[in-house]
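The values are calculated or read from the model by the stated rules, or taken from the named source; none is laboratory data. Note that the structure is a prediction, hence the values are computed from the model and not measured. Glycine gets a Cβ as well: all are built from the backbone with ideal geometry, and neighbour counts include every protein chain shown. Accessible surface is based on the protein model in full, side chains and every heavy atom, while ligands, DNA and RNA are left aside. Shrake-Rupley method; radii C 1.70, N 1.55, O 1.52, S 1.80 Å.
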Amino acid sequence: MAKLYFRYSAMNAGKSTALLQVAHNYEEQGQQVKLYTAVIDDRYGVGLITSRLGPQRQVDTFDGGTNFLASAPKVSCVLVDEAQFLTKEQVQQLHQLAQVKGVPVICYGLRSDFRGDPFPGSAYLLALADDIEEIKNICTCGKKATMNVRVDEAGRRIREGEQVSIGGNESYRQACGRCFYAQ
């Protein structure tokens, strides 16, 4: 039976690297996969899944209007990067794709934003996913990082603002709960 998987972590834990590795593993066995990333994430270019380690791949994009069931591909697996940007309806579609159409769907994303608030896509993935896995990362203090901190150009913490502001290492840091509240 196919499942909807949610693999989440704080920033810089290797989610995109893991996704690209899963795609490679399927393809090495002669199976087709369909990869998506959020159109809003243009840090490395639109429609690119890029690992900070270097690997990069051109993929399809999704936005709030994407219907995953209407474009349900005949593939062995669907992989979604930046899954925190999915809508409730899209998470339901991906769940249905796995449960009814029998296509495994693996979503990778952040669980919460820089304020500690859940992303809508992540909240619904936590509710509907058949399998949930945390990808581990560490804080600068050495403890397990579970939170994200937004910083300005000088590295000072930003506590207010829009939930979505695309950025990488220059804009965000991972932190454990203790450091998240201490900063």
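Worth a mention:
- Projecting the Cα atoms of Gln32, Gly177, Ser9 onto the charge dipole of the chain, computed from C-beta unit charges around the Cα centre, puts Gly177 farthest toward the positive end.
- Summing Lys and Arg as +1 and Asp and Glu as -1 over all other residues whose Cβ lies under 9 Å from the Cβ of Cys139 gives a net charge of +4.
- Placing dummy labels 7 Å off each Cα toward the beta-carbon, the span from Lys136 to Gln29 is 2.6 nm.
- DSSP bridge pairs, the range 1-96: antiparallel proportion in percent, nearest 5: 30
- Percent accessible area from carbon and sulfur atoms, the chain, protein chains only, probe 1.4 Å: 47
- Set of lysines near Lys143 by C-alpha distance (under 30 Å), chain-local residues within fewer than 8 positions excluded: Lys15
- Only Lys, Arg, Asp and Glu carry charge here, each on its Cβ (+1 for the first two, -1 for the last two); on that basis the chain has a dipole of about 560 debye about its Cα centre.
- For Rg/Rh (Cα atoms, Kirkwood Rh), computed directly from the structure shown, the correct entry in (i) 1.01; (ii) 0.97; (iii) 1.15 is (ii).
- For the range 90-98, 3J(HN,Hα) per residue [Karplus equation, 6.51 cos²θ - 1.76 cosθ + 1.60, θ = phi - 60°, Hz, x = Gly/Pro]: 5, 5, 4, 4, 5, 4, 5, 4, 6
- Bridge type composition, the chain - antiparallel percent by DSSP, nearest 5: 35
- Ordering of 85-93, 27-35, 174-182 by packing [mean C-beta count within 10 Å, highest first]: 85-93, 174-182, 27-35
- Tilt relative to the chain, helix 15-28 - C-alpha long axis, 0 to 90 degrees, to 10: 20
- The residues of the chain present an accessible area of 50 Å² per residue when probed at 1.4 Å with all protein chains retained.
- Stretch gain in nm, segment Glu160-Ala70, where the contour uses 0.36 nm per residue and the Cα spacing is subtracted: 28.7 nm
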